[in-house]
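A.B. asks: After the C-alpha cells below, expect a handful of questions from me.
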Amino acid sequence: MENNVVFTNCVAEAIDRIAETIKPTKTFVVVDENTMSAALPVVSHDSATIKDAFVIMVKPGDENKNLESLSYIWQQLGDAGATRHSMLVNLGGGVVTDMGAFAAATFKRGIRFVNVPTTLLAAVDASVGGKTGINFNGLKNEIGAFKNADQVIVSSIFFNTLSATEMRSGYGEMLKHALIKGPDMLNDLMRQDVLEVGSERMLDLLKENVGVKQDIVFQDPTEKGLRKALNLGHTTGHAFESLALKRNSPIPHGYAVAYGLVVELILSVMQKGFPAETMRRIAGYIYENYRAFAITCNDYDELIGFMKHDKKNVDASEINFTLLHDVGVLALDSTASVKEIEAALDIYRDVMHLD
C-alpha cells in the first residue's frame, strides 16, 4: 500500500495538485454544517478545485453517521451528475471522512476521493488507514469497507476552530498510538498540554503520531494481524459509546477511547503483567483531562452485550481485546471472560473515582 498521507498547512495548494493528477470530470465536496462555515471558505478561497466544486452538506455528529445520511450523499452525487471519473473531497471530522469515504467507495463501484480532516481526532484516526463506514442498528461502524483515499491531507490549520473537548478527543487517539509505540512517545505526550500546542508543533506531533498508524497499516492493510494493535482501548470504548448513545447522551470518540484504555490497561495488569503503577499513572492522567464515563454495576450486562457485538470477535462466546505486556509491547488477540471484564470494570470505577 502506498504512503498516501501528506502533512502540510498549505491545504488548498495540495488539493489543486491532486486534482491536476487525477483530472476529475467533476469535483464534489462533503462537509457538515460546521465545516461548511468554518473550513470550506478557508480552502475555497485559495483552491480553484474547491471553488468550482459541488458541495454536499450533511448533519454533524456521530448520531448522523447513518444510512439516511449516506443515502443523501449518494442521491446528491447522482442528481448532480457524478460519474466514475468524478472526485470526492471529504472536508470534515471523522463522521464526514468515514461516511464520505464509504459513499465514494460504493458509488458506481468506486470513485476517487481525498480526505481532508479538520479535527485532531480525524487527523490521527478516521481519515487515515482505509476504514470507511457508518453506524447501524445502534452499533458503531457496523457497516463499512476497506478503501484507501487517493490522498489524505493532514493539517493543523483548522484546529483553532475546535473546542477544548474536540482537541482532547483527538488526543485520546494520540495517547493510544503512543501506548503502542513506546514510553518515549507516551511520556512526551503526557508532558504536553494539548490546548497550548502551537500549529507547527502540532503538525510535527502529528507526523510522528500518525506515522505509528501508517507503519502498522502498511504492514497489515486489512487487519489480519498487526493492525489489530490499533484496536487498543476500542473494545471497551465502543461499548461505552454505544451505551452513551442509548442514553441519548453521546460522548466524543476520543473520550470513549481514553476510558476504554483505562479498562484495557487494567485487563493488561490482570492478564499480561502490565505494570500496575504505570496503569494508575495513565488512569490519573486520563481522569485529570477527561474525567470519567459514569457507570454502575447495573450497566455491566449491557456493556458486555455491546462488546459481544464487536467486529474483532472471532467467536460469539469470546470477547477479543488488544492488550499490552508493557508500553510498546503488544498482546494481540487476547480474550477475557465475563468475570474478568466485570472485575476490570470494578477497578475502573475505583481508579476513576466513581465509587
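A.B. asks: Do me a favour and compute the ellipsoid semi-axes for the chain from its Cα gyration tensor, root of five times each eigenvalue, largest one first, whole Å. Please report the intermediate quantities before stating the final value.
C.D. replies: Numbers: eigenvalues 235, 92, 65 Å².
Calculated on Cα positions only, the semi-axes equal 34, 21, 18 Å.
A.B. asks: Additional query: For the stretch 1-143, calculate the relative contact order in percent as a whole number, restricting contacts to Cα pairs under 8 Å that are 6 or more residues apart.
C.D. replies: Details: 229 pairs, mean separation 32.7, N = 143.
Once normalised by length, the contact order is 23 percent.
A.B. asks: Measure off, as a whole percent, the carbon and sulfur share of the 1.4 Å-probe accessible area of the stretch 228-355, all protein chains present. Could the numbers behind the result be given before it?
C.D. replies: Values: 2560 of 5250 Å².
Roughly 49 percent of what the probe reaches on the stretch 228-355 is carbon or sulfur.
A.B. asks: OK, next. Rounded to two decimals, what ratio of Rg to Rh does the stretch 96-255 give with C-alpha atoms and a Kirkwood Rh? Mind dumping the intermediate values first?
C.D. replies: Working: Rg = 15.5 Å, Rh = 16.3 Å.
Value, to two decimals: 0.95.
A.B. asks: Any chance you could run the full-extension gain for residue 9 through residue 75? It's 0.36 nm times the residue separation minus the Cα-Cα distance, nm to one decimal. Intermediate results must be reported in sequence, preceding the final value.
C.D. replies: Values: separation 66, 0.36 × 66 = 23.76 nm, distance 3.24 nm.
Going from the current span to full extension adds 20.5 nm.
A.B. asks: Taking Cα pairs under 8 Å and at least six residues apart, what relative contact order does the chain come out at, in percent? Let's see the in-between values first.
C.D. replies: Working: 636 pairs, mean separation 50.2, N = 355.
Answer for the chain is 14 percent.
A.B. asks: So which of 65/224; 26/131; 65/140; 131/339; 59/108 end up more than 21 Å apart by C-alpha? Before the final figure, lay out each step's value.
C.D. replies: Details: 65/224 26 Å; 26/131 24 Å; 65/140 9 Å; 131/339 32 Å; 59/108 24 Å.
Correct reply: 65/224; 26/131; 131/339; 59/108.
A.B. asks: Hand me the GluC sites (Glu not before Pro) from the stretch 198-261 located in a DSSP loop with no more than 11 other Cβ atoms within 10 Å, in residue order please.
C.D. replies: Values: sites: 200, 208, 223, 241; in loops: 223.
Filter output for the stretch 198-261: empty list.
A.B. asks: For the chain, which DSSP H helices look membrane-span-like by this rule: Cα extent along the axis of 27 Å or more and mean Kyte-Doolittle of at least -0.5? It would help to have the intermediate numbers written out before the result.
C.D. replies: Details: long enough: 199-219 (30 Å, -0.23).
Answer set is 199-219.
A.B. asks: Tell me, how many Å apart are the Cα centres for the stretch 69-144 and for the stretch 265-304?
C.D. replies: Cα centroid to Cα centroid, the span is 33 Å.
A.B. asks: Which percent of the accessible area of the stretch 1-142 is formed by carbon and sulfur heavy atoms (probe 1.4 angstrom)? Could you put the intermediate results ahead of the total?
C.D. replies: Values: 2980 of 5920 Å².
Heavy-atom surface of the stretch 1-142 belonging to carbon and sulfur, 1.4 Å probe: 50 percent.
A.B. asks: Report the label-to-label distance for residue 83 and residue 218 in nanometres (one decimal), using points 7 Å from each Cα along the Cα→Cβ vector.
C.D. replies: Taking the two extended label points, one gets 3.6 nm.
A.B. asks: Using only C-alpha atoms and all pairs of different ones, pull out the Kirkwood radius for the stretch 1-51 in Å with one decimal.
C.D. replies: Working: mean 1/r = 0.0831 Å⁻¹.
Hydrodynamic radius (Kirkwood, Cα pairs) of the stretch 1-51 is 12.0 Å.
A.B. asks: Further question: Evaluate E = 1/(1 + (r/R0)^6) for residue 108 and residue 20, where r is the Cβ-Cβ distance and R0 equals 30 Å; express this FRET efficiency to the nearest 0.05. Each step should come with its number before you reach the end.
C.D. replies: On the way: r = 23 Å, r/R0 = 0.76.
It comes out at approximately 0.85.
A.B. asks: Mind jotting down the three principal axis lengths of the stretch 240-288 based on Cα atoms? Whole angstrom, largest first.
C.D. replies: 37, 23, 13
A.B. asks: Taking the C-alpha atoms of the stretch 207-355, how large are the radius of gyration and the largest Cα-Cα span, Dmax, in Å?
C.D. replies: Calculated on Cα positions, Rg and Dmax stand at 14.7, 43 Å.
A.B. asks: Could you work out the percent of alpha carbon pairs in the stretch 70-130 separated by over 19 Å, rounded to a whole number?
C.D. replies: Details: 457 of 1830 pairs.
That tail contains 25 percent of the Cα-Cα pairs.
A.B. asks: Counting other C-beta atoms within 10 Å, and keeping those with at most 14, which DSSP coil GluC sites (Glu not before Pro) do you find in the stretch 1-106? List each step's numbers first, then the result.
C.D. replies: Numbers: sites: 2, 13, 20, 33, 63, 68; in loops: 2.
Those that pass, being in a loop and sparsely packed, are 2.
A.B. asks: Taking the simple approach of a point 7 Å from Cα along Cα-to-Cβ for both residue 350 and residue 187, what is their distance in nm?
C.D. replies: 2.8 nm
A.B. asks: Let me ask something else about it. Can you tell me the dipole magnitude for the chain around its Cα centre, using point charges on the Cβ only (Lys, Arg +1; Asp, Glu -1), in Debye to the nearest 20? Working shown, then result.
C.D. replies: Numbers: 34 positive and 45 negative charges, 168 e Å.
The dipole of the chain has a size of about 800 debye.
A.B. asks: Ok, one more. Just to be sure I understand: with springs between alpha-carbon atoms less than 10 Å apart, which residue in 260, 129, 198 has the highest mean-square fluctuation in the Gaussian network model of the chain?
C.D. replies: Residue with maximal mean-square fluctuation among 260, 129, 198: 198.
A.B. asks: What figure in square angstrom, to the nearest 10, would you give for the accessible area of residue 167 with a 1.4 Å probe?
C.D. replies: Only protein atoms counted, so the area is about 20 Å².
A.B. asks: Using the structure shown, list the pairs from 176/207; 246/308; 147/246 with a Cα-Cα distance above 19 Å, or answer none. Show your work: numbers first, answer last.
C.D. replies: On the way: 176/207 15 Å; 246/308 16 Å; 147/246 29 Å.
From 176/207; 246/308; 147/246, over 19 Å: 147/246.
A.B. asks: Further, regarding this structure: Expressed in nm to one decimal, what extension gain is obtained for the pair residue 200 and residue 288 from 0.36 nm per residue of sequence separation less their Cα-Cα distance? Write out the running numbers ahead of the final one.
C.D. replies: On the way: separation 88, 0.36 × 88 = 31.68 nm, distance 2.59 nm.
Separation in residues times 0.36 nm, less the Cα-Cα distance, equals 29.1 nm.
A.B. asks: Leaving out ligands and nucleic acids, and using a 1.4 Å probe, what accessible area per residue does the chain come to in Å²?
C.D. replies: Working: 14840 Å² over 355 residues.
Counting only protein heavy atoms, the per-residue value for the chain is 42 Å².
A.B. asks: Ok, one more. Distances over 20 Å make up what percent of all Cα-Cα pairs in the stretch 12-171?
C.D. replies: Working: 5474 of 12720 pairs.
Every Cα pair in the stretch 12-171 considered, those over 20 Å come to 43 percent.
The values are calculated or read from the model by the stated rules, or taken from the named source; none is laboratory data. Bear in mind the structure is a predicted one, so any value in this text is a computation, not a measurement. Positions of Cβ are generated from backbone atoms using ideal geometry, with glycine treated the same way; all protein chains shown enter the neighbour counts. Ligands, DNA and RNA are excluded from the accessible area calculation, which covers all protein heavy atoms including side chains. Shrake-Rupley method; radii C 1.70, N 1.55, O 1.52, S 1.80 Å.
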